[in-house]
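Contents: one structure, followed by commentary.
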Amino acid sequence: MGGLVLFDLDNTLVNRHDAFHRWLAEFAGRWGLGERDTAWTAVLDADGMTPRQEFFAAVRERFGLPEPAEELLAAFHERMPELVVCPPEVLAGLGRLRAAGWRLGIVTNGAAGNQEGKIRCSGLAAMVDGWAISGAEGVAKPDARLFRVAAERCGADLAGGGWMVGDDPVNDVVGGRSAGLTTIWVDRRVGPWPAAEPKPDRVVADAAGAIAVLLDR
Ligand SMILES: [Mg+2]
């Protein structure tokens, strides 16, 4: 059938969690951090939800690192795109969606260079019609305006409806719904659905599951 589908990037199309832990292992090796230090740093990261400036300021202070926080952040943004992976079955699934007439977009919160680097290094740039990154647009999910920009980049209009796929209940599902999209929640089993929020339209385990739902329509 086809239509518009927007995907979240981190921990939806690419496994940001694994990439972060690979980066953390390298970082710990460089600065001689022990197991307790890396565990503390992983908690501080909060799955990427802690603002990066705040994250690196705290890491630098805790471990007494000589490099300025801005340099630690710049190195992180340079390395992370090289570490994220979009599973081959997801890239292939996106190809099948496109062949079936779907327009595909990415809508993601984060720094412009870092997120675009991930989109390009993971092979996603060639598989989607467009993307919108909060750091580049000056507006972040769950604000409907970022979804609107992503739709436009795909040559589509939110008035025509569409789908939103993502792992964050508020940023992706509540935001996607407010933008008029049908929602698919990627349940990573890191926490229950927040009771205060209306349920997503569909629930899947991962992006491949979401693609299967869409191909089935
Ligand atoms: Mg996400």
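Taking the Cα atoms only, what angle lies between the long axis of helix 35-45 and the longest principal axis of the chain, rounded to 10 degrees?
Between helix and principal axis, roughly 40 degrees.
Along the range 132-140, what does the Karplus equation 6.51 cos²θ - 1.76 cosθ + 1.60 (θ = phi - 60°) give for ³J(HN,Hα), rounded to whole Hz, x for Gly and Pro?
9, 10, 4, x, 8, 9, x, 8, 10
Kindly sort M80, M127 by accessible area of their heavy atoms, largest first, with the probe set to 1.4 Å.
M127, M80
Can you give the Rg to Rh ratio for the range 137-217, taking only C-alpha atoms and Rh from Kirkwood?
My calculation of the ratio gives 0.96.
Quick one: angle between helix 112-121 and the longest Cα principal axis of the chain, in degrees between 0 and 90, rounded to 10, please.
It works out to around 70 degrees.
With all pairs of different alpha carbon atoms counted, what Kirkwood hydrodynamic radius in Å does the range 16-83 show?
11.9 Å
Send over the per residue convex hull volume for the chain, Cα only, as a whole number of Å³.
About 116 Å³ per residue, rounded to a whole number.
Would you pull out the residues with amide H under 5 Å of A140's amide H, same chain only if 5 or more places away, H placed 1.01 Å from N?
Residues meeting the amide H criterion: none.
Given springs between every Cα pair under 10 Å in a Gaussian network model of the chain, which of V170, V14, V149 has the largest fluctuation?
V170
Enumerate the amide H contacts of W131 below 5 Å, restricted to partners 5 or more residues apart or on another chain; note that Pro and chain-start residues carry no placed amide H.
When sequence neighbours closer than 5 places are left aside, the close amide H contacts are I106.
Heavy atoms only, probe 1.4 Å: what % of the accessible area of the chain goes to carbon and sulfur, would you let me know?
Whole-percent figure for carbon plus sulfur exposure: 51.
Among T12, T50, T183, whose mean-square fluctuation peaks in a Gaussian network model of the chain (Cα, cutoff 10 Å)?
T50
With every protein chain present, what is the per residue accessible area of the range 16-83 (1.4 Å probe, Å²)?
For the range 16-83, the per-residue accessible area is 56 Å².
If you fit an axis through the alpha-carbon atoms of helix 52-63 and take the longest principal axis of the Cα set of the chain, what angle between them do you get, 0 to 90°, nearest 10?
Relative to the chain, helix 52-63 is tipped by roughly 20 degrees.
Does the range 88-190 come out rounded, prolate or oblate, given a ≥ b ≥ c as the square roots of the eigenvalues of its C-alpha gyration tensor, rounded meaning a/c under 1.5 and, failing that, prolate meaning a/b above b/c?
In terms of gyration-tensor shape, rounded.
What whole-number distance in Å separates the alpha-carbon centres of the range 1-16 and the range 42-89?
23 Å
In whole Hz, what ³J(HN,Hα) sequence does the range 151-168 give by Karplus (6.51, -1.76, 1.60; θ = phi - 60°), x for Gly and Pro?
Per-residue couplings from phi come out as 4, 4, 5, 8, x, 10, 9, 4, 4, x, x, x, 10, 10, 10, x, 9, 9 Hz.
As a check on your grasp of the helix formula, calculate [θ] at 222 nm for the chain: sum -39500 (n - 2.57) over DSSP H runs of n ≥ 4, divide by the residue count, round to the nearest 500.
Here the helix-only value at 222 nm equals -14000 deg cm²/dmol.
The values are calculated or read from the model by the stated rules, or taken from the named source; none is laboratory data. Only a predicted model underlies this, so the values are computations on that prediction, with no experimental measurement involved. Just the protein is used for accessible areas: all its heavy atoms, side chains included, with ligands, DNA and RNA removed. Shrake-Rupley method; radii C 1.70, N 1.55, O 1.52, S 1.80 Å.
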